[in-house]
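The values are calculated or read from the model by the stated rules, or taken from the named source; none is laboratory data. Owing to the predicted nature of the structure, the values given are computational and were not obtained by experimental measurement. In this analysis, Cβ positions are derived from the backbone assuming ideal geometry, glycine residues included, and neighbour counts consider all displayed protein chains. Ligands, DNA and RNA are excluded from the accessible area calculation, which covers all protein heavy atoms including side chains. Shrake-Rupley method; radii C 1.70, N 1.55, O 1.52, S 1.80 Å.
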Amino acid sequence: MLDRLGLLVRIGPSTAKAGLALSMLTLSPDFALPQAAPPASLGVQSQPQQNEAPPTPAREENPGLINEISKLFEKSKSILQPLKSPGETVDDLNSRARDAGEGLSALTRPSLIVTGRAACLVAANGAPDCKAGADKLCQSKGYKEGRSLDTDAAEKCSPIVFVPGHKRGPNDCRTENFVTRAICQ
């Protein structure tokens, strides 16, 4: 077989069959595989008028990779929260910084730190409860409540302990705790 330039080209039987099939497909534009089944009708169909185009059937979903990726993006929109604009983000950060600054300044104001001496109560388990002592110290300075910063402990003994020759017993002395510095609110 000769090509356009007059050169001899050998074509095998499988290549010839493929070329014949390809030429038949290009010559017959009406030949196509069906894409979707026609919609089922319930009986009477209306005839389209001359001005009206026949209704197009709804396109079926394409189960390809691109379609699956688009479904994934649609689902992620409902899961993730929407992005804020830069202005909203800056406003949010400013309000958080202002709240944090107010909290820190309330803890470090020297006028809120008071000194004095208030006794800590003894809790049911025998440990000192210095929250009540800090509250008492702050209330004596005109504040509502407080938290203890420093405590002090002292041993208080009955006068009999100081008598010469007296053997000290287990109930002769007890330890008392005091709040000496507190942060008041």
Please verify whether the range 168-181 includes one or more residues that are assigned to a loop (DSSP other than H, G, I, E, B), within 43 Å of the chain's Cα centre (by Cα), at pLDDT below 90 and not hydrophobic (A, V, I, L, M, F, W, C).
-> no
Given the residues Gly126, Gly87, which is the only one that is part of a loop (DSSP other than H, G, I, E, B), open to solvent by less than 60 Å² (accessible area, probe 1.4 Å) and at pLDDT below 85?
-> Gly126
Would it be correct to say that Ser76 is at pLDDT 80 or above and on the phi < 0 side of the Ramachandran plot?
-> no
For the range 156-180, how many residues are surrounded by fewer than 10 Cβ atoms within 10 Å (Cβ to Cβ) and within 15 Å of Val122 (Cβ to Cβ)?
-> 2
Right, Lys141: of a type in the set (D, E, K, R), open to solvent by 100 Å² or more (accessible area, probe 1.4 Å), without any contact (Cβ under 8 Å) to a residue 60 or more places away in the chain and over 23 Å from Leu112 (Cα atoms) or not?
-> no
